[in-house]
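Take a look at this one; I'll ask things after.
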Amino acid sequence: MSEESLSQEHHTFAPDPAFAAQANGTKELYAAAEADHEGFWAQQARDRISWATDFGQTLDWSDAPFARWYVGGELNAAYNCVDRHVEAGHGDRVAIHFEGEPGDTRTITYADLQREVSKAANALESLGVGKGDTVAIYLPMIPEAAIAMLACARIGAPHSVVFGGFSAEALNTRINDAQCKIVITSDGGYRRGAPSPLKPAVDAALEHADTPVEKVLVVRRTGQDTTMVEGRDLWWHDVVDPASESHEAQPHDAEHPLFILYTSGTTGKPKGIFHTTGGYLVQCAYTSAVVHDLHPERDVYWCTADIGWVTGHSYIVYGPLANGATQVMYEGTPDTPHRGRWWEIVAKYGVTVLYTAPTAVRTFMKWGHDIPTQFDMSSLRLLGSVGEPINPEAWLWYRKWIGGDRCPIVDTWWQTETGAIMISPLPGVTTLEPGSAQLPIPGISAEILDDEGQPFTEAEKVGYLVLTKPWPAMLRGIWGDPQRYKDTYWSRFGPKYYFAGDGAKYDVDGNIWLLGRVDDVMNVSGHRLSTAEIESALVSHPKVAEAAVVGASDEMTGQAVCAFVILRQEAVAEADEVGEGVDLVKELRDHVAKEIGPIAKPRQIMIVPELPKTRSGKIMRRLLKDVAENREIGDVTTLADSSVMSLIKEGLVAGA
Ligand code: 6R9
């Protein structure tokens, strides 16, 4: 968050009375949740979800921080997202308007979705997938991604979706960590106007002899030549298409695991965050209704996230579908075949609610407002933002040029771990403050603590965001590592506080401003990346001796990955000889893409002779950040060797 942005002229936006009159969110929700936290969540659960068996105790926190919500309740998430809407007479309502990047389309009604999910569930069962088996999903943004997730949910087989932009290496570690029995993938998907293969990465990920994977189910999307391994690989259309259209959804315990989703932490090893069925679904359904204000009979909703991230899980699949809403799903990039593609889609489907990321808004700002103004976007009535802080300039631009100066914007703070939205304005209720996520939503409690762990409420003082009460969609742990769960989230400020890892402050009106990560996690275009993970990818390259990575602020992507690398002796000599420094930087960037995925490619790699370290050997990233952000170098007195920074600076100037 830049200081200039805070000092600019102050605009706030009071709710429009017409919007407020139809809004699902109300002021009374805050009071109800405040008066009876568990009673409030019990009510939400009964109002919004169909239970096969009613629950008894709403929250069992006796084994904190391991929560159990809706104890004894039984439900089926897929039934709640699909079948019950058909039973209620909405089978003809469109669930998904799919828009492929090349312009092909599919319209999937709730009745179609019920048939597709049932067939996929039958097919998975015929391949030996049963309740409790884990399934990896590695797909582009095509309807089969949502269908596969719902089929798993139906069976009670936790899914582990791996973002299609992750490499074979990353896929391999995630498959092994969760011991997935099956992988669902496709030949490829369309990206920037061309088919881009996916299946070869699955083949590479499964090369290891001890893989737990028995079968690979392959959706045909692009028609590219695809190698199929005899006895292991099957085409989706051969197995799913002929399967029976009827499948009985069995109820599962409220605490049955629904999915695992890996996210970057402060160490090199990604964390398998896992969520269970009842609480997660309740909070997704509730937040889609009150924050995205979904009115299923008239809204056309569009969340532009990829299904491989938590936003895609909660706000493409579970939240909107639990509400029976109609949504758009788009496969490709915003500039294919032209920079107005998104706005063309908004106009074509009459999108009313749009949920996207600040990095996208800043990109559109750069492209200029004369692009969106070429399209009729009068259908839009609400805009959302997620993934990173949205600076007030981008917020105001978003409101003006996308929202036609009339749409409220909800800046929603939450995490993979929280499962659903936690801090956000309520549209139609709160007076909007550009750049601020404002307040915990009804049912959620947060505070800001100082270094000593004391809560404070003074304005403009920076502290650490913590959550002070358990919430239904909270993570239930880290897959296979309960100790890491306690250590990461419940120990920094003692067992009473969930430590989110974000800095925060209040403004004079009591609004919360999120200020970015306070740990070694970077946020690049709304994607979480860990410094340690990229460092370990770099040192796995034979020419690299040591590496340090920092997130430097970047106007477009929020943060950008900057790496400082010390080469091995042989590599230095070689590079000097043939003057191949530039090639080497490219080689290292490509290596990171291969190890983790293209999103983790450093924007900048600086070859340096030394790294700044404290006497105890800890790398002082703060100083490297100063270099990466072109700032005056800060305090170097705790360095073991204070001349290191000048060595680095000189080297860079000489090398530039
Ligand atoms: C949903 C999602 C979580 C981290 C989180 C924070 C940042 C997300 C934000 C935001 C400021 C917002 N973050 N939303 N920061 N304002 N509205 O993004 O999950 O990928 O796990 O990232 O993203 O730093 O801690 P995830």
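Residue by residue through region 502-516, what is 3J(HN,Hα) from phi via Karplus (6.51 cos²θ - 1.76 cosθ + 1.60, θ = phi - 60°)? Round to whole Hz and write x for glycine and proline.
10, x, 7, 8, 9, 9, 5, 8, x, 6, 8, 10, 8, 10, x
If I model a spin label at residue 88 and residue 373 as a point 7 Å from the Cα along the Cα→Cβ vector, what separation in nanometres do I get?
Reported label-point gap for residue 88 and residue 373 is 4.2 nm.
Counting only residues 5 or more places away or on other chains, whose amide H sits under 5 Å from the amide H of residue 235 once H atoms are built in the peptide plane?
Close amide H contacts, sequence-distant or interchain: 218.
Within 10 Å, Cβ to Cβ, of residue 65, how many net charges do the neighbouring residues add up to if Lys/Arg are +1 and Asp/Glu are -1?
Details: positive: 476, 486, 496; negative: 63.
Charge balance in the 10 Å sphere: +2.
Once all Cα-Cα distances of the chain are split into 10 Å bins that start at 0, what whole-number percent is in each one?
3, 15, 26, 28, 19, 7, 2, 0
Going by a ≥ b ≥ c, the root eigenvalues of the Cα gyration tensor, does region 250-409 fall in the rounded group (a/c under 1.5), the prolate group (a/b larger than b/c) or the oblate group?
Verdict is prolate for region 250-409.
Continuing with this model, one more query. Net charge near residue 478: determine it from the other residues with C-beta under 15 Å of the C-beta of residue 478, scoring Lys and Arg +1 and Asp and Glu -1.
Its environment carries a net charge of +3.
How many angstrom lie between the Cα centre of region 495-533 and the Cα centre of region 361-389?
Their Cα centres are 25 Å away from one another.
Suppose all protein chains stay in the model; what accessible area per residue would a 1.4 Å probe give for region 232-321, in Å²?
In whole numbers, region 232-321 has 25 Å² accessible per residue.
Separation between the residue 638 and residue 208 pseudo-spin-labels, each 7 Å from Cα along Cα→Cβ, expressed in nm?
In this crude spin-label approximation the distance works out to 3.6 nm.
Based solely on C-alpha atoms, express the radius of gyration and the Dmax of region 33-143 in angstrom.
18.2, 53
Let a ≥ b ≥ c be the square roots of the eigenvalues of the Cα gyration tensor of region 318-471; is it rounded (a/c under 1.5), or, if not, prolate (a/b larger than b/c) or oblate?
Values: a/c = 2.26, a/b = 1.75, b/c = 1.29.
It is prolate, given that a/c is not under 1.5 and a/b is the larger ratio.
Please list 3J(HN,Hα) in residue order for region 308-321, calculated via the Karplus relation 6.51 cos²θ - 1.76 cosθ + 1.60 where θ = phi - 60°; whole Hz, with x for glycine and proline.
Taking θ as phi minus 60°, the curve returns x, 10, 5, 4, x, 5, 7, 10, 10, 8, 6, x, x, 6 Hz for region 308-321.
What is the spread of the Cα atoms of region 149-237 along each of their three principal axes, largest first, in whole Å?
Principal-axis extents of region 149-237 (Cα, largest first): 35, 31, 25 Å.
Is any residue of region 382-410 close enough, with backbone N under 12 Å, to a label point placed 7 angstrom from the Cα of residue 18 along the Cα-Cβ axis, and if so, which?
What the label zone holds, given the 12 Å backbone N cut-off, is 406-407.
State the percentage of accessible surface on the chain attributable to carbon and sulfur atoms; use a 1.4 Å probe and exclude ligands, DNA and RNA.
49
If you add up the charges near residue 113, with Lys and Arg at +1 and Asp and Glu at -1, over every other residue whose beta carbon is less than 15 angstrom from its beta carbon, what do you get? Intermediate results must be reported in sequence, preceding the final value.
Values: positive: 84, 93, 106, 115, 119, 154; negative: 83, 87, 92, 112, 116, 144, 245.
Net charge in that neighbourhood comes out at -1.
On to the next question. Please list 3J(HN,Hα) in residue order for region 414-423, calculated via the Karplus relation 6.51 cos²θ - 1.76 cosθ + 1.60 where θ = phi - 60°; whole Hz, with x for glycine and proline.
5, 9, 3, 5, 7, x, 8, 4, 10, 10
Further question on the same structure: Contact order normalised by length for region 316-384, with contacts defined as Cα pairs under 8 Å and 6 or more residues apart; what percent is it?
Relative contact order of region 316-384: 37 percent.
List every residue whose amide H lies under 5 Å from the amide H of residue 240, counting only residues 5 or more places away in sequence or on a different chain, with H placed 1.01 Å from N in the peptide plane.
none
Once amide H atoms are built 1.01 Å from N in the peptide plane, which residues 5 or more positions from residue 546, or in another chain, come under 5 Å H to H?
Hits under the 5 Å cutoff: 566.
Another question, if that's okay. Ignoring ligands, DNA and RNA, what accessible area per residue does region 511-587 give at 1.4 Å, in Å²?
Spelled out: the 1.4 Å probe surface of region 511-587, per residue, equals 40 Å².
Then there is this: Suppose we keep just the DSSP beta bridges with both residues in the chain; what percent of those would be antiparallel, to 5?
Looking only at bridges with both residues in the chain, the antiparallel portion is about 60 percent.
What size of dipole, in debye to the nearest 20, comes out for region 373-442 about its Cα centre when the only charges are +1 on Lys and Arg C-beta atoms and -1 on Asp and Glu C-beta atoms? Write out the running numbers ahead of the final one.
Details: 4 positive and 7 negative charges, 48 e Å.
It works out to roughly 240 debye.
Starting from the Cα of residue 508, step 7 Å along the direction of its Cβ; do the same at residue 615; then give the gap between the two resulting points in nm.
4.6
Tell me whether region 281-338 comes out rounded, prolate or oblate; compute the Cα gyration tensor, take square roots of the eigenvalues as a ≥ b ≥ c, and use a/c under 1.5 as the rounded threshold.
oblate
The values are calculated or read from the model by the stated rules, or taken from the named source; none is laboratory data. The shown structure was predicted, so the numbers you read here are calculated from the model rather than taken from an experiment. So basically every Cβ, Gly included, is an ideal-geometry build from the backbone, and we count neighbours across all protein chains shown. Note: accessible area is taken over every heavy atom of the protein model, side chains too, but ligands, DNA and RNA are not part of it. Shrake-Rupley method; radii C 1.70, N 1.55, O 1.52, S 1.80 Å.
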